[in-house]
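Any read-out appearing in this document is the output of simple, stated calculations on the displayed coordinates, not a laboratory observation. Here the structure is a predicted model, which means the values were calculated and not measured. When we count neighbours, we look across all protein chains shown, and the Cβ atoms used for this are built from the backbone with ideal geometry, even at glycine.
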Ligand SMILES: [Zn+2]
Ligand SMILES: [Zn+2]
């Protein structure tokens with residue numbers, strides 16, 4: 001995509017139009033700080049995690065092949081049938097687009113509980129704000145609404161299509177094999193295990209998006225929000241969504257989740273995402289050791305040097321304790337944002353301006369990659 005020119009900062013407000021509220025000069029964590037987030041080289045830890053993951057997946061595939069009594073020749077046949085399967089993916093894609101994903105999204109989001117949940121979060125934001133200067137209705141919320149609508153559209157089309165292709169590849173390579181743990185784990189045990197494993201893969205994907213610079217450019221879109229709100233989780237580049245979906249797909253499919261369970265798992269994230277991005281002053285007390293709080297995730301979104309690369313967790317907090325990435329103070333509520341002043345941050349709330357900044361924000365990672 002062509003390079004997008006940055007929107008000039010701090011112009012005078014056009015008459016009659018809402019403008020982004022300039023953040024007051026914060027004490028410890030200014031909104032735009034002059035230091036790049038990830039280092040230029042891939043850290044040893046990230047490379048090690050990636051290596052161990054690849055070796056783990058290879059070992060798992062070898063174990064699956066062994067346990068099914070497959071030989072090398074069988075695997076060759078499977079590889080050939082994989083190409084056949086990919087040819088048939090268009091049919092499965094059509095079923096997927098109009099079927100499970102869309103139905104799951106409608107069930108989770110287009111129901112009164114979801115909107116009641118958002119309403120409760122709005123009341124909590126108003127009554128117990130993490131930062132008082134952030135309005136409930138802001139330019140940032142308007143931009144996140146655009147992201148919410150477009151990310152949904154992309155999830156039920158592009159991401160669903162990608163998952164359908166992955167599914168065909170899985171069936172082609174492994175004959176649709178999956179662990180059958182339903183008897184051992186029971187009706188609730190299997191989705192719970194899948195939730196924990198999927199959250200670990202989410203943690204890994206998040207970690208890599210911070211440590212590998214090309215991935216950071218895509219994830220920086222999510223971190224650009226300076227007015228955190230109930231819809232900020234939707235501010236996510238589709239490339240990042242697809243990478244995370246791929247990492248989560250493998251364990252979910254290996255565990256043999258059926259479509260309703262997988263969709264419930266995927267859309268639980270909609271509720272969690274709304275909660276942890278809300279401008280609410282809570283660290284959840286003792287529960288903070290188990291699950292991510294709005295306070296912990298706010299620290300993750302901070303660009304202050306001491307907060308960089310901490311609190312990667314999405315649902316469960318224990319991964320950060322386990323991997324040593326948990327920030328030590330659970331009472332800080334910093335400002336949020338990124339350092340890159342060339343990022344096309346939304347400035348005006350009118351729909352055309354928001355559509356334009358949405359396009360420029362989507363182009364941002366490609367522009368940064370082209371500049372390298
Ligand atoms: Zn992040
Ligand atoms: Zn976030």
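Overview of results
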read-out: Residues 139, 159 arranged by fewest to most Cβ contacts within 10 Å; value: 159, 139
read-out: Additional length obtainable on full extension of the chain from residue 372 to residue 149, 0.36 nm per residue less Cα span; value: 77.2 nm
read-out: Residue exposure sequence - 178, 234 - by fewest surrounding Cβ within 10 Å; value: 178, 234
read-out: Paired Rg and Dmax values of the range 318-372, which use every Cα atom, in angstrom; value: 16.9, 45
read-out: Within the range 325-358: backbone nitrogen closer than 20 Å to the residue 306 label point (7 Å, Cα to C-beta); value: 325-339
read-out: Per-residue Cβ neighbour rank within 10 angstrom, fewest leading, 184, 306, 240; value: 184, 306, 240
read-out: Principal axes of the range 91-371: Cα extent on each, largest first, Å; value: 54, 44, 40
read-out: For the range 91-371: relative contact order, % (alpha-carbon pairs under 8 angstrom, 6 or more apart); value: 25
